[in-house]
Each structure stands twice: as C-alpha cells, then as structure tokens.
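Step one of this worksheet: look at the structure below.
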Amino acid sequence: MDDGGGGFAAWRIVFALSLGAWGALSLVAPGKLSVLAGGYNLAKLATLSSLALRVLPRSIPILINVALATGIGAVVILLDGHLRVLRHKSNPDTLKAVQEGYRPDTTTIPINHCVFLLGSGGHTKEMCSMIRKQFPPSPNMHRRYIITSGDSYSAAVMNDLERSIKIDLTKKTNEDSPAKCGTYDCYLVERSRRVHQKWYSAVWSTLESTKPLFKALTGHPTYSHPGKKWPDAPNVVVTNGPGTGFVLCFLAHLMKVIYLAPQGSLKIVYVESLARVKTLSLTGKLFHWTNIADVFLVQHPGLAENYGKVYAGFMVDTTPAPS
C-alpha cells in the first residue's frame, strides 16, 4: 500500500464488503454455526485481500483494485476449502466395505438425518427402491425427500414408499407403531434443467433452484426427538441424478468448503443409474470430473472398470412392494 492512504481506503472497502457478506450469510442461514463460519471467512477474506492489494499495481483505479483483490482472496479461500474437504473424503477401506456389501448400522447414531433427491420418472423409482433396500427405517431416522415442482409422479411414489415402510415394519415386529419407522418430510424445488431445455437458459433456472435447495439442506425437521438434538446439517445426501442432484450436492460440498456445515456431515453419495452399463450419464460425468462425491457407486462391473469406480452390485430392491 502507498502512504497516501489509497491502499488503506481500498482495504476498508474490502472489509466493508466482507462484513456485508457476513451479514447476508447470517440472514440466509441463521444459527451459531453460520455466524462463526461467516466471521472466520471474513477474517480470511480481509487478510488475503489486503495482501493482494499490496502487490497489485497502484496505477489501477481503486475500485478495480478492490474487485481484483477480493476476487483473488475469494478464489484462494474456495480452493483451500475444496482441497480440505477432498482430503477428508471417505477412505479406500470404506469404499471396499461398501463394495463387499457392508452397510453401516445407523441405529447407533442419535439422529440419522438423510436427504434423498427424487429426480422424476425412472430416477425416482430407482431411488425409492434403493431406500427400501439400503436405508432400513429406525426410530432415530429422518428422511427428507426433495421433489421438483410439478412432479406428481415422484410425490405419489414417495407416499407409496412411506406406506410400504410402515407395512414392512408392522409385519416384522407384529406391532403397529409409526414412531419406529422414523419421520419424514418433503421439500419442493424448481428443476435445474428441464428435458430439451437450452443450455443458456438452464443457467438461470439452475440459479433459481439453489435457494430452495439450500433451505432443504439447512432447515431442521419440525419433528422432535425427546432428549435428542438435530445435527447442524444432514448426515448424508443421496442422489442418482438428474442434474438437480448435482446442484444439490455441489451446494452441500460448498457448505463444507466455507464452514457452513461440519466436516463430518453432508456426506455425498452418488449412485449411477442402473440403466448406465458402459458410460456415465451427464450427471455422473459431472460428479466424476469434480470428484465431490464421498461415495460414487455404479451397478455394473464394466462401468466400474471403465471409470475406476466402486462396483456395488444392484442397489435397488427387486422384491415387490407390499400391498
């Protein structure tokens, strides 16, 4: 910075912008965690931006200098957070256990909060079948379903799934106790990209979908568990596509990058559709390229070999649903 005060003025502008971002963050995601995360990121952004201001040419107008310095600071923070999250991803032993058919005992978790995206059509049918097989209900479990607006099929399949869960549990325990099935709720969101929608127009619809998706990841269930407290964020996010699933998981990843969610929460599980035998879907390729999924599973050995992914066998439930 120069001694004339221009650098100091620029730093004050950066600080004010950072403080405004912190306030906005606290408003959209109220809670102790978001305030602490905002304060931490504010300090990092202000520090990195002030350092960037020292090396940027003094001949550039002050507002351009501020924009460049803030951008440099934000990029450094995001890259650092992204690499940190990737370092804490599921280790190879976990993936091997999944490949061998191991499923964790979620009944030992005080509150098991799972988010499932129902992507419409065949994606929804597969996902609900997968939930029946891979995510057995328990009193401590909360299932959050995300459905795109206008998707009456997914809403109907979700209701059928919850009904079958209660019937299955009643048959196993000879006791009609809905509390043992856990709880569930549903969030409606805008679809990120509709079939045959132009790519340039999909940018705006994707941005529109982020707000309700963010609420679905941060909103606490209205149900209460005696003596137990809801976690700061869901334990796991599961999707099998389509594109809205990637947007949802990217938001979950970003929340951990900027410390809006604890490192051990929002574990991302992507399961490639059973219909994909040799090549990944577009959503699958996005997960493959970005590497943000904690667990990436495919259901055909040839596909696993082509992309170096974990072959988990058929994840869907082939038994008929109870009537």
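The values are calculated or read from the model by the stated rules, or taken from the named source; none is laboratory data. Here the structure is a predicted model, which means the values were calculated and not measured. Every residue, glycine as well, gets a Cβ built from its backbone with ideal geometry; the counts of neighbours run over all protein chains shown.
Brief remarks follow.
- Residue check for LEU260: modelled with pLDDT of 80 or more and not in a helix (DSSP H, G or I): yes
- Residues in region 156-170 that are of a type outside the set (A, V, I, L, M, F, W, C) and either over 13 Å from ARG143 (Cα atoms) or touching a residue at least 60 places away in the same chain (Cβ under 8 Å) (or both): ASP160, ARG163, SER164, LYS166, ASP168, THR170.
- Checked against the criterion of being part of a strand (DSSP E or B), crowded, with 16+ Cβ neighbours inside 10 Å and in the same structural domain as PRO231 (by TED's automatic domain parsing), region 120-136 contains not a single residue that satisfies it.
- Meets criteria (in contact with a Pro (Cβ under 9 Å, 6 or more places away or on another chain) and in the same structural domain as VAL203 (by TED's automatic domain parsing)) for CYS181: yes
- Condition met for SER154 (modelled with pLDDT under 90, touching a Phe, Trp or Tyr at 6+ places or on another chain (Cβ under 9 Å) and among the polar types (S, T, N, Q)): no
- Criterion (touching a His at 6+ places or on another chain (Cβ under 9 Å) and at pLDDT below 85) met by exactly one of TYR184, TYR223: TYR223
- Residue tally, condition out of contact with any Leu (no Cβ under 8 Å at 6 or more places or on another chain) and buried (at least 18 other Cβ atoms within 10 Å of the Cβ), over region 255-273: 4
- Any hit, region 291-303, residues being small (Gly, Ala, Ser) and touching a strand residue (DSSP E or B) at 6+ places or on another chain (Cβ under 7 Å): yes
- Selected residue [free of Cβ contacts under 8 Å to residues at least 12 places away in the same chain, among the charged types (D, E, K, R) and at negative phi] from GLU272, GLU305: GLU305
- Filter result (outside any loop (DSSP other than H, G, I, E, B), at pLDDT 65 or above and either exposed (fewer than 13 other Cβ atoms within 10 Å of the Cβ) or not assigned by TED's automatic domain parsing to the domain that holds THR124 (or both)) within region 187-207: VAL203, TRP204, LEU207
- Test result for LYS267, without any contact (Cβ under 8 Å) to a residue 24 or more places away in the chain and within 22 Å of the chain's Cα centre (by Cα): no
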